[in-house]
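The values are calculated or read from the model by the stated rules, or taken from the named source; none is laboratory data. What you see is a predicted model, and the numbers here were worked out from it, not measured in a lab. Neighbour counts are summed over all protein chains in view; Cβ atoms, including those assigned to glycine, are modelled from backbone coordinates with ideal geometry.
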Amino acid sequence: MPSYLLKNRNGNYYTRIPFPQSLRLLGCPLEIRVSLLTKDRTEATLRNLVAAHGIKIMMGRLPALLRTDSHQPTARFRDLIAPDLARLRQQLLSSANGLIQSSPLPYSQPDDVSAASCCDSPMRASQVQPPLVPRQHLEPAGTMPRTMSQLQAEFLERKSQDNISQRSLQQLQTRTEALIQAVGGGFFVQTLKYQHVDLFVRNLSTERLLKAKTISEYRSACAQMLNFAVQMEYTAKNPFDQVKIRCAQPTPRQRWELPQLKTLFSSESFTQHAYNNVDDYWIPLVLLHTGARPAEICQLRVSDVMTQDNIACLNITDEGEAQSIKNGNSRRLVPIHSRLIALGFLHYVELRRRQGHVQLFSCTATGEFGEWTKNFECRFSRYLGKLGFVAGQRPTAYGFRHTVIDELQQRDTPEHAVADLAGHSKIGFTYRHYGKKSTVQRLQAVVEQLDFSDALKFVLPHRPE
């Protein structure tokens with residue numbers, strides 16, 4: 001699935017989108033390239049959403065406009081796009097963070113745009129100097145029909161404001177772009193019917209040969225976008241509500257059962273400290289006693305171990321360098337279980353502090369999306385294999401989270417308290433919109449309900465020098 005985001009040899013990012021054959025026959029060039037005016041990938045990814053959106057809308061409007069002047073189509077094309085190119089260039093340059101602060105333009109693009117023609121040289125925005133006319137007031141939401149490309153741009157902008165991770169935002173863009181490619185960027189949202197989305201979902205299987213689980217993820221992303229359209233009153237209903245994905249063999253993440261926990265925590269890494277990296281001792285224990293996501297634990301800084309109301313807590317946040325959280329609900333304090341304290345966790349934290357470490361563990365953010373868990377999870381997977389756990393049939397590091405939530409459910413712990421501990425959105429309108437987050441005292445009581453003493457009775461406490 002194309003993202004249209006590319007980087008030139010000087011490290012500058014740009015958006016490149018080819019013109020369809022129908023527009024090339026009307027005199028448009030082979031493609032259009034839009035400089036995103038940045039070398040920072042995170043910033044470029046967000047600007048790329050705006051640029052791609054604008055180009056798609058522009059392409060949808062060009063056929064009718066170009067046909068009105070068939071004598072000089074190339075000159076006509078340049079005249080049509082020049083004012084908006086210059087206007088968006090000014091907005092990008094004046095924006096503090098490089099994003100459009102006002103409502104998106106119908107078809108506006110940033111500086112350094114080139115249209116690679118079949119026969120003439122590239123045309124750049126710097127060659128045209130139209131007056132920067134102030135943007136006219138847009139019609140209120142809901143009064144004008146929205147195209148699929150406009151909807152996607154608004155949806156992704158709203159999701160970016162919800163502080164979701166860059167990886168999640170990129171996944172939403174990729175999956176919703178598949179739908180837009182299927183029906184067309186100029187397709188009006190209000191005319192999207194079940195027959196369109198049903199064909200789209202079936203083609204994911206028959207043409208792209210995607211597995212049921214992946215198709216379900218595409219459906220979920222597109223359904224989110226159409227739910228947003230319903231909320232904004234761009235359409236009356238979400239056709240994806242009627243689409244059902246049949247998964248022949250659902251594969252939910254497994255929780256850790258007691259025999260499996262005993263096998264793991266009776267092994268030499270925990271009973272003899274026979275490990276090469278102390279992370280492999282502490283991270284599984286912390287996951288088992290917090291229910292946190294592995295990435296949330298692996299990215300912890302020493303300063304994220306703090307005390308509030310005389311209770312030692314882990315601060316799950318995205319304030320540190322390269323730290324990220326899944327969404328706004330993920331930002332929370334998690335009390336440290338007394339079992340971890342008894343095993344010497346706070347002594348370990350103090351040792352890291354004395355040694356001058358910033359990070360609590362040796363994990364680093366790697367890859368395009370800054371994944372903190374990769375090295376630990378690779379080592380953990382190999383270790384499980386050595387213990388006889390069969391790949392594909394064993395729980396994973398993420399399975400500790402399922403274990404904690406399941407244990408609390410079996411103890412009839414109130415769901416809103418478990419949601420606050422796990423960093424989930426609360427179920428139900430009242431708690432979600434009016435309820436405050438649980439206090440650390442309440443969360444401490446929830447955490448202390450977790451009792452895995454039978455599985456941990458042979459674990460040797462960690463006593464750093």
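Worth pointing out:
- Selection of the range 176-208 for residues being assigned to a loop (DSSP other than H, G, I, E, B) and out of contact with any Lys or Arg (no Cβ under 6 Å at 6 or more places or on another chain) yields Gly184, Gly186, Phe187, Leu192, Lys193, Glu207, Arg208.
- Condition check for Ser338: within 30 Å of Thr439 (Cα to Cα) and of a type in the set (Ser, Thr, Tyr): yes
- Residue list for the range 156-170, restricted to those being in contact (Cβ under 8 Å) with a residue 12 or more places away in the chain and farther than 15 Å from Leu226 by Cα: Ser160, Asp162, Asn163, Ile164, Ser165, Gln166, Arg167, Ser168, Leu169, Gln170
- Pairing residues of the range 441-465 that are under 19 Å from Thr263 (Cβ atoms) and at pLDDT 95 or above with residues that are among the hydrophobic types (A, V, I, L, M, F, W, C) and assigned to a loop (DSSP other than H, G, I, E, B), at Cβ distances under 8 Å and at least 6 apart in sequence or on separate chains, gives Val459/Leu343.
- Considering residues of the range 23-33 that are touching a Pro at 6+ places or on another chain (Cβ under 7 Å) and modelled with pLDDT of 80 or more only, the residue farthest from Gly54 (Cα to Cα): Leu30
- Only one of the listed residues (Gln181, Gln173) is of a type in the set (S, T, N, Q), touching a residue at least 12 places away in the same chain (Cβ under 8 Å), surrounded by 16 or more Cβ atoms within 10 Å (Cβ to Cβ) and not assigned by TED's automatic domain parsing to the domain that holds Ala52. That residue is Gln173.
- Wholly within the range 324-419, helices (runs of 4 or more DSSP H) carrying at least 2 residues that are surrounded by 18 or more Cβ atoms within 10 Å (Cβ to Cβ) and out of contact with any His (no Cβ under 9 Å at 6 or more places or on another chain): 345-354, 374-386, 399-410
- Filtered by the rule that a residue be farther than 23 Å from Leu450 by Cα and not hydroxyl-bearing (Ser, Thr, Tyr), the range 268-288 gives Glu268, Gln272, His273, Ala274, Asn276, Asn277, Val278.
- For the criterion of being closer than 19 Å to Ala342 by Cα, crowded, with 23+ Cβ neighbours inside 10 Å and either touching a helix residue (DSSP H, G or I) at 6+ places or on another chain (Cβ under 8 Å) or assigned by TED's automatic domain parsing to the domain that holds Leu421 (or both), Leu288 passes.
- Just one of the listed residues (Tyr281, Tyr218) is among the aromatic types (Phe, Trp, Tyr) and at pLDDT below 95, and it is Tyr218.
- Test for Thr214: is it within 26 Å of the chain's Cα centre (by Cα), under 30 Å from Cys363 (Cα atoms) and not assigned by TED's automatic domain parsing to the domain that holds Val390: yes
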